[in-house]
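A.B. asks: One structure is given below, represented as structure tokens, and several questions about it will come after.
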Amino acid sequence: LIAGLFGIALSMVGMAPIDALTRFTFGQYQLLSGFDIVVILIGVFAVTDIIKAGFDRKHLADKMSKTSYELKGFGISLKEFKEQFVNMIRSALIGIGIGILPGIGGSTSGLLAYTAEKNSSKHPEKFGTGIIDGIIASETSNNAVIGGSLIPLLTMGIPGNTVTAIFLGGLTIHGISPGPLIFQKSGKFVYGIFPALIVANIFMLIFERAGLRIFVKLLDIPKHLLLPIIMVCCVVGAYSSNSRIYDVWCVLGFGLLGILFKKLKIPTTPLIIGFILGNLRRALQASAGNWSVFVTRPISLAFLLIAAFSVLMTFRKQMKQKAAPVEEEE
């Protein structure tokens, strides 16, 4: 609750999206545009882990031990594929749902899918150690976002992220105007997108298999070399989001905030969710302040039911874990 409320507070910084009222800027013009969700994600998760790893200087100086491996197929067996089938379907649905919602992006969907799989797992303590369940959950949802983000782009002309914004520009250059009538006016071009995506996935599969032996070599890079490179990538990613040095300082600030949260044993995931929920005002303006719109609209109702089901399953799992030691003692 503390992290969630803090995230809502962060979303209130800057000019209000509806009436342009200036909030919590303290006279700093850089805060007028508020905080970017990408900047917060990079700071709270990536930079926090880099700083935390840097504190362990003894382990940081250790040379990475090269482990031998045997690569067969795509690195996943048929048995593992069957075991992870439910995980893949759930994560894909989360990715599609997040992709439909403009402005959230693949980072959030990966985080939510990872959390959902961790909550439903019989071994949640293994998450964060490279367990295959978490990798498949985050990567499946991240990939599914692309398909979901095309829905608001093509039907309403609303780009959900940087990639779809560039795609929108490409469509506009060729005289294609996304919107409700796009299938009538430019149907032959739009339907060409679907086989293009299939071809793109086939080529990605080929390049992935060809590069697996090269990608795995990254594990042999010592941490004292790898972490600074990742930090530079984080800084570049933060700057490229809005082309502002201010975002780079924000990334470092949120990284230190993440360290503080870890010291106080406060989870950081609710902070991101709270930041996203800070845009509730927009939805209420569209419904003229009527809260019933959240349960009368099918998409909103479906998300609420999924959230309620997830909470009930998590609560049920925790109750079983508490009851298990009692049964063993008896």
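The values are calculated or read from the model by the stated rules, or taken from the named source; none is laboratory data. Being a predicted model, the structure only gives us computed values, none of them experimental. FYI the Cβ positions are ideal-geometry reconstructions off the backbone, even for glycines, and counts take in every protein chain you see. For the accessible areas, the whole protein counts, side chains as well, though only heavy atoms, and no ligand, DNA or RNA atoms are used. Shrake-Rupley method; radii C 1.70, N 1.55, O 1.52, S 1.80 Å.
A.B. asks: Between K79 and F183, 0.36 nm times their residue separation minus their Cα-Cα distance comes to what?
C.D. replies: Details: separation 104, 0.36 × 104 = 37.44 nm, distance 4.18 nm.
Taking 0.36 nm per residue and subtracting the Cα distance, the gain is 33.3 nm.
A.B. asks: Excluding ligands and nucleic acids, what accessible area in Å² is computed for F303 using a 1.4 Å probe, to the nearest 10?
C.D. replies: 90 Å²
A.B. asks: So for I306, I89, what's the accessible-area order with a 1.4 Å probe, most first? Mind showing how you got there, number by number?
C.D. replies: Values: I306 110, I89 80 Å².
Final ranking, largest accessible area leading: I306, I89.
A.B. asks: If you don't mind, another one. Highest mean first, what order results for 134-145, 208-219 on Cβ atoms within 10 Å?
C.D. replies: 134-145, 208-219
A.B. asks: Within the chain, which complete DSSP H helices have Cα atoms spanning at least 30 Å along the helix axis and a mean Kyte-Doolittle hydropathy of 0.0 or higher? Write out the running numbers ahead of the final one.
C.D. replies: Details: long enough: 132-156 (37 Å, 0.92); 193-215 (31 Å, 1.68); 298-329 (47 Å, 0.46).
Answer set is 132-156, 193-215, 298-329.
A.B. asks: Positive end of the dipole of the chain, charges at C-beta (+1 Lys, Arg; -1 Asp, Glu), about the Cα centre: which of I8, T48, F167 has its Cα farthest in that direction?
C.D. replies: F167
A.B. asks: Once you place label points 7 Å from the Cα toward the Cβ at I151 and H174, how far apart are they in nm?
C.D. replies: 2.3 nm
A.B. asks: Probe of 1.4 angstrom, ligands and nucleic acids ignored: what's the accessible area per residue over the chain, in square angstrom? Each step should come with its number before you reach the end.
C.D. replies: On the way: 21650 Å² over 330 residues.
Here the per-residue accessible area is 66 Å².
A.B. asks: Report the dimensions of the chain along its three principal axes from the alpha-carbon atoms, largest first, rounded to Å.
C.D. replies: Per principal axis, max minus min of the Cα coordinates gives 59, 51, 49 Å.
A.B. asks: Starting from a Cα-only point model with no solvent, please compute log10 I(q)/I(0) by Debye for the range 230-287 at q = 0.25 1/Å.
C.D. replies: At q = 0.25 Å⁻¹ the computed log10 ratios are -1.00.
A.B. asks: So, with a 1.4 angstrom probe, what is the percent of accessible area on the chain that is carbon and sulfur? Could you put the intermediate results ahead of the total?
C.D. replies: Details: 14960 of 21650 Å².
In the chain, the share of accessible area belonging to carbon and sulfur is 69 percent.
A.B. asks: Only Cα pairs within less than 10 Å get springs; with that Gaussian network setup on the chain, which residue of S77, S121, S91 has the largest fluctuation?
C.D. replies: Checking each option, the largest mean-square fluctuation is seen for S77.
A.B. asks: Let me ask something else about it. What order, most packed first, do the peptides 180-186, 7-13, 113-119 have when packing is the mean number of other Cβ atoms within 10 Å of each residue? Spell out each step's value before the answer.
C.D. replies: Values: 180-186: 13.3, 7-13: 18.1, 113-119: 22.3.
Answer by packing, highest mean first, reads 113-119, 7-13, 180-186.
A.B. asks: Considering only Cα-Cα distances, which of the following residue pairs are longer than 32 Å: K82/K262; K82/K217; K217/K322; K118/K217; K52/K217?
C.D. replies: Numbers: K82/K262 35 Å; K82/K217 28 Å; K217/K322 43 Å; K118/K217 28 Å; K52/K217 24 Å.
In this structure, K82/K262; K217/K322 exceed 32 Å between Cα atoms.
A.B. asks: If you put +1 on each Lys and Arg Cβ and -1 on each Asp and Glu Cβ, how big is the dipole of the range 246-328 around its Cα centre, in Debye rounded to 20?
C.D. replies: On the way: 10 positive and 3 negative charges, 17 e Å.
My answer is approximately 80 debye.
A.B. asks: In the range 93-231, with Lys and Arg counted as +1 and Asp and Glu as -1 at Cβ, which of these residues, L93, I146, F183, has the Cα nearest the positive end of the dipole, that is, farthest along it?
C.D. replies: F183
A.B. asks: Another question, if that's okay. If I model a spin label at R316 and Y246 as a point 7 Å from the Cα along the Cα→Cβ vector, what separation in nanometres do I get?
C.D. replies: About 4.8 nm separates the two model spin labels.
A.B. asks: Next question. For the chain, what is the calculated [θ] at 222 nm in deg cm²/dmol (nearest 500), taking -39500 (n - 2.57) for each run of four or more DSSP H residues and dividing by its residue count? Could the numbers behind the result be given before it?
C.D. replies: Details: 18 runs with 224 residues, N = 330.
Rounded to the nearest 500, the figure is -21500 deg cm²/dmol.
A.B. asks: Given charges of +1 on the Cβ of Lys and Arg and -1 on the Cβ of Asp and Glu, with all other atoms neutral, how large is the dipole of the chain about its Cα centre, in debye to the nearest 20?
C.D. replies: Working: 30 positive and 19 negative charges, 36 e Å.
Dipole magnitude for the chain comes out near 180 debye.
A.B. asks: How much length is gained if the chain between M12 and M204 is pulled fully straight, taking 0.36 nm per residue apart and subtracting their Cα-Cα distance, in nm to one decimal? Don't skip to the end; give the middle numbers.
C.D. replies: Values: separation 192, 0.36 × 192 = 69.12 nm, distance 3.99 nm.
In short, 65.1 nm is gained.
A.B. asks: Per the Kirkwood definition applied to all pairs of different Cα atoms, how many angstroms is the hydrodynamic radius of the range 228-330? Walk me through the numbers before you get to the answer.
C.D. replies: On the way: mean 1/r = 0.0551 Å⁻¹.
For the range 228-330, the Kirkwood estimate is 18.1 Å.
A.B. asks: How high is the relative contact order of the chain, in percent, counting Cα pairs under 8 Å that sit 6 or more residues apart? Could you put the intermediate results ahead of the total?
C.D. replies: Values: 338 pairs, mean separation 98.4, N = 330.
The normalised contact order for the chain reaches 30 percent.
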